[in-house]
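For reference, the structure discussed in these notes is given below.
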Amino acid sequence: QVQLVESGGGLVQPGGSLRLSCVASRNIFSRATMDWYRQAPGKQREFLAQVTPGGLTNHANSVKGRFTISRETAKNTVWLQMNRLKPEDTAVYLCHGRVGALDYWGQGTQVTVSS
């Protein structure tokens, strides 16, 4: 079993930045595709960004140019750098990992963008 723990959320003003982290209880990054999602109240879960075991990244068009996914395998950590935040970015941000047919989710971290 793998636990994923997110942190770094909080309240930020529009235009501000946050860096979310997701720490895995075991080093799975050499085998896992890691993703960030978000879910706002009343809305479907939205894919944001992905990093493959080979280190390739992919970002949703809705956040491309503002959000950046990265990882540090030695620290079992995946980050999501979020810049130029907007009120519509307010949501619970979730880390996800997939190893073969196994899916792992973190508990989420709340991001609120408001003045």
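The values are calculated or read from the model by the stated rules, or taken from the named source; none is laboratory data. Worth saying up front: this structure is predicted, and the values here are computed from it rather than measured. Because the Cβ atoms are built from the backbone with ideal geometry, glycine has one as well, and the counts that use them run over all protein chains shown. Note: accessible area is taken over every heavy atom of the protein model, side chains too, but ligands, DNA and RNA are not part of it. Shrake-Rupley method; radii C 1.70, N 1.55, O 1.52, S 1.80 Å.
All of Ala60, Ala101 fail the test of being within 18 Å of Leu4 (Cα to Cα) and not hydroxyl-bearing (Ser, Thr, Tyr), apart from Ala101. Taken over the range 98-115, the residue count meeting the criterion of being at pLDDT 95 or above, part of a strand (DSSP E or B) and either among the aliphatic types (A, V, I, L, M) or under 12 Å from the mean Cα position of the chain (by Cα) (or both) is 5.
Among what's in the range 42-53 and is in a loop (DSSP other than H, G, I, E, B) and in contact with a Lys or Arg (Cβ under 9 Å, 6 or more places away or on another chain), pick the residue that is least open to solvent (accessible area, probe 1.4 Å). Among them, the one singled out is Pro53.
Within the range 79-96, at least one residue is acidic (Asp, Glu), open to solvent by 30 Å² or more (accessible area, probe 1.4 Å) and at pLDDT 95 or above. Is at least one residue of the range 54-63 open to solvent by less than 50 Å² (accessible area, probe 1.4 Å), touching an Asp or Glu at 6+ places or on another chain (Cβ under 6 Å) and part of a strand (DSSP E or B)? Within the range 54-63, none of the residues are open to solvent by less than 50 Å² (accessible area, probe 1.4 Å), touching an Asp or Glu at 6+ places or on another chain (Cβ under 6 Å) and part of a strand (DSSP E or B).
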